[in-house]
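Colleague: Take a look at this one; I'll ask things after.
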Amino acid sequence: MKASYFLIIISVAILLGVYYSYTQHFLVAYEEEKVSAAKVFEDELIAFRSQLSVTENDIFDSIYREQNAKLTVWKHFLGIGFEYEILAPDYFECTKSVIAAVQKSNQNLMRIENLKRQLLGLFTSDYEALYNRLIDSRELVYRTRHFECNHFFPELKLVVYEPSDWNDIHAHLIKLRSVIADVELSNSSTRNELQNTIRNNIGQFRSSYQSTFRSRIERESSNLVQSSLKEYVVDVGNFSPTVLNLETTSFNVNYFNSILQQELTAQWHNNALNTGARPYTNCFPSQNSCSGPNCSEIRVINSGSDVIVTVKDRNGRVVRHAYIRGNDSFTIHLPDGTYQTFFYSGRGWNPNKPMSSSTCSQLRGGFTNNESFTKDPSFDNLRRHIITYTLTPTRSGNFNTVGSNATQNF
């Protein structure tokens, strides 16, 4: 019995010795493989970097991550796992292509930065607005290039230069600038049109009134040159259009003409001729004299508005005319004969106002306010007579007139 126990103990001891020996052998071999793998990795890394230029080494430093270059290898012993790291297959081969790609990416980045500076210099804020919009909308992005061995460089981003993108941006900006320039030119033309219209019409005003007219135009500038926002859409290139809301101006010609007519009238509002003036000498006789015994007189005492007195013979021809201010009087001298007297009264003498006439197509000059045409309804046969007309602003007077018109008066 004791012999059996002894044999069992001996067998267990032998087994334990074998297990220990095998375990020690495995652990030594595992450590040797681990050290060898690390040595191979370092040697391969040194050898690889020795083949690179300074620039390529700089690129490698920027992209190299040691943990991405290694693979974990597992060893199992009696159900227990042991691990160590080895150089990942094809890592350095893949790295060569990545370095080349990064060099290309850097070239692309330099090209893009140069283009951005050029476009900024040419188009300033227009370029910045467009570029920021395309970046924000991700219609223009720095793209990431993928490799078959991308798992070695998962964080790598490469700049891709797409000539069509930048050609589209340039073409878009040219069109954008063209639209803005066209609107600015149109707005400038509007302002020039106003100034040209002022210059073309300023000569119609008395020199003393021109500054008044210009002041009125200045006060009315917002009504004469009207502004509004207009939408322009620039759709050039393979990205969303740019919508511009630009202020455009237009010249309100009708409003200008309305002001012009008002001021042409207003400039003569307080204008008056001297008593005795004969404003229609281009159409009617200019004299006011009569010599010899066969002469008569028509005296006008005017206490109302200014008045133009015209005297016609029996054939309807104007033989005398005279301007008489309010609260003034004047005597018309003329040969004996049969005459009819007409009165044209009002305020504010405009020498350029066209007047209707039965005998003269070039008759100019008239009142701007409170016009009134009247006449003595009867013909007077004058023989060394003196007739006096007293004009008052009341219905009572030394005679009764009847209505008339410009054609009858002139």
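Colleague: Could you grab the pairs with beta carbons closer than 7 Å, sequence gap of 6+ or different chains, first residue in segment 158-186 and in contact (Cβ under 8 Å) with a residue 24 or more places away in the chain, second one part of a helix (DSSP H, G or I) and among the aromatic types (Phe, Trp, Tyr)?
Modeller: These pairs meet every condition: Leu173/Phe123; Leu173/Tyr127; Arg177/Phe123.
Colleague: Limited to segment 73-97, what total is found for residues that are more than 13 Å from Glu44 (Cα to Cα), surrounded by 10 or more Cβ atoms within 10 Å (Cβ to Cβ) and either outside the structural domain of Phe48 (by TED's automatic domain parsing) or among the β-branched types (Val, Ile, Thr) (or both)?
Modeller: Result for segment 73-97: 1.
Colleague: From Arg219, Arg278, Arg206, which residue is among the basic types (Lys, Arg) and within 26 Å of the chain's Cα centre (by Cα)?
Modeller: Values: Arg278 fails: within 26 Å of the chain's Cα centre (by Cα); Arg206 fails: within 26 Å of the chain's Cα centre (by Cα).
Criteria check complete, one pass: Arg219.
Colleague: Would you confirm, using the coordinates I've provided, whether Ser250 is touching a residue at least 60 places away in the same chain (Cβ under 8 Å), in contact with a His (Cβ under 8 Å, 6 or more places away or on another chain), outside any loop (DSSP other than H, G, I, E, B) and small (Gly, Ala, Ser)?
Modeller: On the way: touching a residue at least 60 places away in the same chain (Cβ under 8 Å): yes; in contact with a His (Cβ under 8 Å, 6 or more places away or on another chain): no; outside any loop (DSSP other than H, G, I, E, B): yes; small (Gly, Ala, Ser): yes.
It is false that Ser250 is touching a residue at least 60 places away in the same chain (Cβ under 8 Å), in contact with a His (Cβ under 8 Å, 6 or more places away or on another chain), outside any loop (DSSP other than H, G, I, E, B) and small (Gly, Ala, Ser).
Colleague: Let me ask something additional. For segment 66-104, how many residues meet the condition of being charged (D, E, K, R) and closer than 30 Å to Thr23 by Cβ? Can you show your working first?
Modeller: First, pick out the residues of segment 66-104 that are charged (D, E, K, R): 66, 70, 75, 83, 85, 90, 93, 96, 104.
Filter once more, so that each one left must be closer than 30 Å to Thr23 by Cβ: 70, 75, 83, 85.
Summing the residues that are charged (D, E, K, R) and closer than 30 Å to Thr23 by Cβ in segment 66-104 gives 4.
Colleague: If a residue must be of a type in the set (D, E, K, R) and assigned to a helix (DSSP H, G or I), how many such residues does segment 148-172 contain? Break it down into steps so the answer makes sense when it comes.
Modeller: We begin by selecting, within segment 148-172, every residue of a type in the set (D, E, K, R); these are 148, 155, 157, 162, 165, 168.
Pick out the ones that are also assigned to a helix (DSSP H, G or I) and you get 165, 168.
Residues in segment 148-172 being of a type in the set (D, E, K, R) and assigned to a helix (DSSP H, G or I): 2 in total.
Colleague: With the requirement that a residue be among the acidic types (Asp, Glu) and not in a strand (DSSP E or B), what does segment 337-392 give you?
Modeller: Residues of segment 337-392 that are among the acidic types (Asp, Glu), as a first pass: 371, 376, 380.
Of everything in segment 337-392, just one residue is among the acidic types (Asp, Glu) and not in a strand (DSSP E or B), namely Asp376.
Colleague: Sticking with this one: Among the candidates Gly326, Gly276, which residue alone is in the same structural domain as Lys375 (by TED's automatic domain parsing) and assigned to a loop (DSSP other than H, G, I, E, B)?
Modeller: Residue meeting the stated conditions: Gly326.
Colleague: Quick check: anything in segment 156-167 over 30 Å from Lys34 (Cβ atoms), of a type in the set (A, V, I, L, M, F, W, C) and touching an Asp or Glu at 6+ places or on another chain (Cβ under 8 Å)? Steps first, please.
Modeller: Within segment 156-167, the subset over 30 Å from Lys34 (Cβ atoms) is 157-167.
With the extra rule that they be of a type in the set (A, V, I, L, M, F, W, C), the set shrinks to 158-160, 166.
In the following step, the residues that additionally are touching an Asp or Glu at 6+ places or on another chain (Cβ under 8 Å) were identified as none.
No.
Colleague: Next question, about the same structure. Run down Asn223, Asn192, Asn288 and say which single residue is surrounded by 11 or more Cβ atoms within 10 Å (Cβ to Cβ) and closer than 29 Å to Ser357 by Cβ.
Modeller: Working: Asn223 fails: closer than 29 Å to Ser357 by Cβ; Asn192 fails: closer than 29 Å to Ser357 by Cβ.
When all the criteria are applied, what remains is Asn288.
The values are calculated or read from the model by the stated rules, or taken from the named source; none is laboratory data. Just so we're clear, the structure is a prediction, and the values are computed from it rather than from any experiment. For neighbour counting, all protein chains shown are included, and Cβ atoms are generated from backbone atoms with ideal geometry for every residue, glycine included.
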